[in-house]
Structure formats: structure tokens, C-alpha cells
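Step one of this worksheet: look at the structure below.
The values are calculated or read from the model by the stated rules, or taken from the named source; none is laboratory data. Since this is a predicted model, take the numbers as computed values, not measurements. Backbone-built Cβ (ideal geometry, glycine too); neighbour counts: all protein chains shown. Note: areas computed on protein heavy atoms with side chains; ligands, DNA, RNA excluded. Shrake-Rupley method; radii C 1.70, N 1.55, O 1.52, S 1.80 Å.
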Amino acid sequence: MKALKKILKWTGITVFLILIIITIAVASRQNLKFDAPYPDIHASKDTAVIARGRDFVYGPAHCAYCHTTLDKLPQVEKGEILPLTGGHAFILPIGTLYSRNLTSDETGIGKLSDGEIARALRFGVGHDGRALFNLMPFNNLSDEDLTAVISYLRTLEPVKNDVPKNEFNVMGKIVKAFMLKPVGPEGEVAKSVPVGPTVEYGKYLVMNVANCRGCHTARDLHTGEYIGPFYAGGFKLPSEIDPSITLCTPNITCDAKTGILANWSKEKFIERFRQGRLIHESIMPWGPFSHMSDDDLTAIYKFLRTVKPVENDPGPRLSKTI
Ligand code: HEC
Ligand code: HEC
């Protein structure tokens, strides 16, 4: 009996000490800094470059969806050119992340250099050196498009809006301490990608701009890692509009049994995008996407037809969050 008590006591003490060590390790690793080169990108005053940036920001790159708050959604859906004052809350299993103010105020990006903004978007390292959560898919944005986007951001009138700091729960703090790493480009980044209704441009939009791949592939919500075949759907996220509903992305390959694009003509695809949001609770940024050009949508459609069909039925698109 005595021996057992002794063992229990020492086990208790050991577990307690291990917990303390883990807690200290997690706490001491909350402000990790990472390094990445500053891309040689400089904002331009050329009106054609700025116009291309604007079309990207309010269209396929959907910055306007994430860098405005949800109460502005009806205006975003109409395609209004709103100031990008940030503060959109993303409620994730690791905590709540807030998108940043992108206007030229000092609470926005007024004090950041072009290189700092470019590095955040390309290498996932924030201006302050921390690893950004991989929510933005722009690591392989071409030099030309990154220049266009930053050139447009520099034209935004300053609006004061001090966005709250990200809030992490215990799980989020552990992820931040041991798992979170900045995500950089896959392969070499192009200087420029020729624009047009082509498979090549479609691939670029789908993978590096509109994030179709990022949402229509199953992912681990803690780390953002891909855990299912590309484009086969099954990524589950709670609705921002009604958190009691969980959305599940459909399979957008052309698999005859389970892929929703199998029987869609190009005309039907474009028409569906022009309709915008049909499921009220959807998290797909239909607003900005409904304003893409016919050429952009044609390019996306053409590329998706070349993707390997995967048989995978991800189940209903809407379910009750338990
Ligand atoms: C899916 C939502 C989403 C989209 C789309 C998006 N952002 Fe963000 N953005 C965020 C979130 C969330 C953060 C904060 C991330 C963090 O703190 O880890 C952020 C942070 C930033 C930052 C701050 C980086 C730093 O140094 O702190 C910049 C700059 C930025 N975004 C620019 C853009 C631009 C430009 C676009 C469009 C080309 C864009 N974002 C599209 C959600 C998004
Ligand atoms: C933020 C996540 C997200 C992004 C980014 C996203 N989707 Fe979706 N998508 C969804 C969800 C969730 C649904 C199911 C709800 C709905 O139909 O709105 C969906 C539905 C669809 C549908 C079915 C629509 C219907 O009426 O049957 C198509 C087609 C589609 N997405 C294609 C795309 C393409 C192409 C892109 C890139 C241009 C894209 N999605 C980007 C989340 C996303």
C-alpha cells in the first residue's frame, strides 16, 4: 500500500513538472521571428497598373471579402469599391484572427514598405517577423501582379481603424509555439503570367489567386495542411453568417459520379458565377468572384476540366454544427 502511494505521489509530481515545462516552453515561444527576403517589388503610379491591381483586389484575389467586416457583405457582393479597413474576424479552432487594415493610415499599412507588404504576401512572414496563418494563397503571385496589387493599395485613402490583435486559445498557442511556419512559394515565381482565357492563366487563378484549390481540398484546420486529394472537396468550415451551420465544399473535379463539374458547360459555369451567392450561409466569396471577367471565368473553367477526376463524395454542403 505504502509503495503504491509513493509511486502515485511521484507520478503526480512528474506529470505536474512536465506540464510546467511545456507551459513555459509554449509561453516562451509565442513571439517567434522568422526571416525571408524582401522581394524587389515597388509600387507604380502607372494608371494601367493601378487599374489591374484594383480589378484583382475586388475580383479574383477577393482581398475585399476578407479585408472588410461582415456587415459590409451586401456592398461587397454588389461590387462596390469599399475602403479595405480590415477587422474581419476569422473564428478558427485555434482562436480568432483579424484581417489587417490595408489603407494608408498608420493603423493600416501606411508605415510599411512595399518590400514588407510583398514579403508578407509571398513568404508568409508579417512585417513584424511573425509567421502568418496560411489563409491568403498569394505566395506565387507574379512580380507583375504583386506590383499591381501594392500599387492599388497605395491609392487607398487613409482610414483610422485599429484592428484587434489575434487571440489564440490553448490549442492555438501550442500550434504557434511548435507547428506554425511561414508558407512560401511553390517552385519559382513568374515575373509575369500572360492574361487570357487559357488553361495556363486558369491554373494560376485557381491555385495562386482565387484559392479554389485552398477551399475545395480537405485541410487540417489547425495547421492548414492539405489532407485530401486536390479539388475533391470535403473541407469543412463553420459559416461566418450563421455559426450553427457547417459548410462542406463540393468536389469540383469532373468525376462522372461525384464531381459537380462533370456535366457543366462553360456557359453554365459562367452563368452560375454571375448569379453570386445562392446559399445564404456560404463562405465562398461569391461577391468578388461574380465580378470576374468572362475571360477569367473561361480560363478557370478550362483549367478545372484538365484536373484529374477524383471519385469522392464529400457529403452534404450544409450541416448543423454540433
Ligand atoms: C481569406 C481571407 C483573406 C484574403 C482573401 C486576403 N487576406 Fe490579407 N489577411 C487576412 C488575415 C486573416 C490576415 C491576418 C493574418 C495573421 O495575422 O496571421 C491578413 C493579413 C494581411 C496583411 C498584413 C501582413 C502583416 O505584415 O501583418 C496584408 C498586407 C494583407 N493581408 C494583404 C492582403 C491583400 C493585398 C489581399 C488580396 C490580394 C489579401 N490580403 C487577401 C485575410 C485575408
Ligand atoms: C472560402 C472557401 C471557398 C473558396 C475560396 C472557393 N469556394 Fe467554391 N464553394 C465553397 C463552398 C463552401 C461551397 C458550397 C456552398 C455554395 O454552394 O455556396 C462552394 C461551392 C462551389 C460550387 C458549386 C456551386 C453550385 O451552385 O452548385 C462551385 C462550382 C465552386 N464552389 C467553384 C469554385 C471555384 C472555381 C473557386 C475559385 C474561383 C472557388 N469555388 C473558391 C467554398 C469556397
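Quick one: what do you get for the range 1-73 if you divide its Cα Rg by 2.2 N^0.38 Å?
2.44
From the C-alpha coordinates alone, can you work out the Kirkwood hydrodynamic radius of the range 34-190, in Å?
Kirkwood hydrodynamic radius for the range 34-190: 16.1 Å.
To the nearest 10 square angstrom, how much accessible area does ARG29 have with a 1.4 angstrom probe?
90 Å²
Using the Kyte-Doolittle scale, which helices in the chain average at least -0.5 and also have C-alpha atoms spread 24 Å or more along the helix axis, with helices defined as whole DSSP H runs?
2-28
Starting from the Cα coordinates of the range 139-221, work out the convex hull volume and express it per residue in Å³.
155 Å³
What value does the chain have for Rg/Rh, both radii from Cα atoms and Rh as Kirkwood defines it?
That ratio equals 1.03.
Pop the C-beta distance of LEU82 and ARG277 into the FRET formula with R0 = 25 Å and round what comes out to the nearest 0.05.
According to the calculation, E is roughly 0.90.
How far is the Cα center of the range 20-34 from the Cα center of the range 159-209, in Å?
When both Cα centres are located, 24 Å separates them.
Would you mind computing, in nm to one decimal, how far apart the modelled labels at ALA262 and GLU200 are, each placed 7 Å from Cα along Cα→Cβ?
Placing both labels 7 Å beyond Cα along the Cβ direction yields 3.3 nm.
Roughly how large, in nm² to one decimal, is the mean projection of the convex hull of the alpha-carbon atoms in the range 222-270?
With every direction weighted equally, the projected area is 4.9 nm².
Separation between the GLN30 and GLU106 pseudo-spin-labels, each 7 Å from Cα along Cα→Cβ, expressed in nm?
Once both label points are built, they end up 2.6 nm from each other.
Identify the trypsin sites (Lys or Arg not before Pro) of the range 145-225 meeting these criteria: DSSP loop state and at most 12 other C-beta atoms within 10 Å of the C-beta.
LYS160, LYS165, LYS191
In square nanometres and to one decimal, what's the mean projected area of the convex hull around the Cα atoms of the range 113-187?
Its average projected convex-hull area is 6.1 nm².
What ranking, highest mean first, results for peptides 222-233, 114-125 when packing means the other Cβ atoms within 10 Å averaged over each residue?
Details: 222-233: 17.8, 114-125: 21.2.
Highest to lowest by the protection proxy: 114-125, 222-233.
Give, in nm to one decimal, the length gained when the segment between ASN169 and LEU70 is fully stretched (0.36 nm per residue of separation minus the Cα-Cα distance).
So the chain would gain 33.4 nm between ASN169 and LEU70.
From the helices alone, meaning DSSP H stretches of at least four residues, give me the mean residue ellipticity at 222 nm for the chain, per-run term -39500 (n - 2.57), in deg cm²/dmol to the nearest 500.
-10500 deg cm²/dmol
Sort THR217, THR96 from largest to smallest accessible area, using a 1.4 Å probe on the heavy atoms of the protein chains.
Greatest to least solvent exposure: THR96, THR217.
How compact is the range 35-93 by the rule of thumb for globular proteins, expressed as Cα Rg over 2.2 N^0.38 Å?
Relative to the rule-of-thumb radius for its length, the range 35-93 sits at 1.37.
So which lysines can LYS181 reach, going by Cα to Cα under 21 Å and dropping same-chain residues fewer than 8 places off?
Filter leaves LYS33, LYS165, LYS173.
Kirkwood hydrodynamic radius, the range 193-322, all distinct C-alpha pairs: what's the number in Å?
Values: mean 1/r = 0.0664 Å⁻¹.
After inverting the pairwise mean of 1/r, the radius is 15.1 Å.
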